[in-house]
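Visitor: Dumping the structure here so I can ask a few things about it.
Rule-based calculations on the coordinates, nothing more; no lab input. Fair warning: this is a prediction, and the values are worked out from it, not measured in the lab. We place every Cβ from the backbone using ideal geometry, glycine too, and count neighbours over all the protein chains shown.
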Amino acid sequence: MSLRQPFWLRLRCKKATTHEVAQAVYGIAARKWAPGGTAPSLPGGRWVAVSSGSPLVNGIYQCYIGKRSLLATSMPLSEKSSRHKTKDILIGALLRVPAQAIHRRIIKELNEAGFDDLRLPHIAVLQFPGPDGVRPGTLAERAGMSKQAMNQLLRSLEGLGYIVRLDAPEEGRTRIVRFTDRGHAAYARIYEILLDIEREWRAELGPKRFTEFKDLLAQIWESPLIR
């Protein structure tokens, strides 16, 4: 998808960020403003004509669409557009959105419990079955990220006092991750938070339906569908 017509754009000369430009570009495309019509503006500045044929403009538009999509998938349900009916959403989103809500809840309650230096990206390390005794490469594969990105998270957690990385002599030059006492405490709190979430879901769905729901997820977990 690309912009098909020129439009007017009000910018603060030499002060508008790429993100601000992209927001304005997206707004025009989404609302189909006609040339000379009402266009979105940024504080101050002047009106300038922007060509829709510009590779830069279309590139910004595509990048912003991608970023906007990522933000939309991670925001709370209360902030989502209501134009998407749940029955029309495919299985990927139906599984992903509740998982993201759980991750946000875990970090929020960890912060409230005194682990206020943990952030959402750390979930990639702390997620089940946990990093204790695991090689960084295995953690990266589990989280679906590069070894470099995982090592950045591990350095962060090590600096915050949640883990240490130790040599594993029996495995050559390989290193393994170990929880510190603070890391064990945080992981134990995560388990308590998840138990609370399960109780809430059970109350919402009813004991019978919740048990059936978990049984179905367990069946998928053990099937070739996720391999």
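Visitor: For region 104-129, which positions are in a loop (DSSP other than H, G, I, E, B), of a type in the set (Gly, Ala, Ser) and touching a helix residue (DSSP H, G or I) at 6+ places or on another chain (Cβ under 8 Å)? So that I can check it myself, show each step before the final result.
Guide: Restricting attention to region 104-129, the residues satisfying the condition of being in a loop (DSSP other than H, G, I, E, B) are 113-119, 127-129.
Pick out the ones that are also of a type in the set (Gly, Ala, Ser) and you get 113-114.
Listed by number, the list holds a single entry, Ala113.
Visitor: Only one residue in Arg173, Arg182, Arg202 is of a type in the set (Lys, Arg) and exposed (fewer than 11 other Cβ atoms within 10 Å of the Cβ), so which one is that?
Guide: Working: Arg182 fails: exposed (fewer than 11 other Cβ atoms within 10 Å of the Cβ); Arg202 fails: exposed (fewer than 11 other Cβ atoms within 10 Å of the Cβ).
One residue alone meets the criteria, Arg173.
Visitor: On to the next question. Among the candidates Ala113, Ala93, Ala149, Ala124, single out the residue that is in contact (Cβ under 8 Å) with a residue 24 or more places away in the chain and under 16 Å from the mean Cα position of the chain (by Cα).
Guide: After ruling out the rest, the residue left standing is Ala124.
Visitor: Taking region 148-170 on its own, how many of its residues are closer than 28 Å to Arg227 by Cβ and surrounded by 15 or more Cβ atoms within 10 Å (Cβ to Cβ)?
Guide: The qualifying residues number 4.
Visitor: If we scan region 122-132, do we find a residue that is out of contact with any Phe, Trp or Tyr (no Cβ under 9 Å at 6 or more places or on another chain), farther than 24 Å from Pro98 by Cβ and hydrophobic (A, V, I, L, M, F, W, C)?
Guide: The answer is no; no qualifying residue exists.
Visitor: Please pick out the residue among Ile176, Ile193 that is assigned to a helix (DSSP H, G or I) and either in contact (Cβ under 8 Å) with a residue 60 or more places away in the chain or among the aliphatic types (A, V, I, L, M) (or both). Before you say what the answer is, go through the steps one by one.
Guide: Working: Ile176 fails: assigned to a helix (DSSP H, G or I).
Just a single option satisfies the conditions, and that option is Ile193.
Visitor: Among what's in region 146-193 and is touching a helix residue (DSSP H, G or I) at 6+ places or on another chain (Cβ under 7 Å) and β-branched (Val, Ile, Thr), pick the residue that is nearest to Phe115 (Cα to Cα).
Guide: Per the criteria, the residue is Ile190.
Visitor: Only residues in region 196-207 that are assigned to a helix (DSSP H, G or I) count as the first member; pair them with residues that are among the basic types (Lys, Arg), Cβ under 7 angstrom, at least 6 apart or cross-chain, and list the lot.
Guide: Listed by first residue and then by second, the contacts come to Ile197/Arg105.
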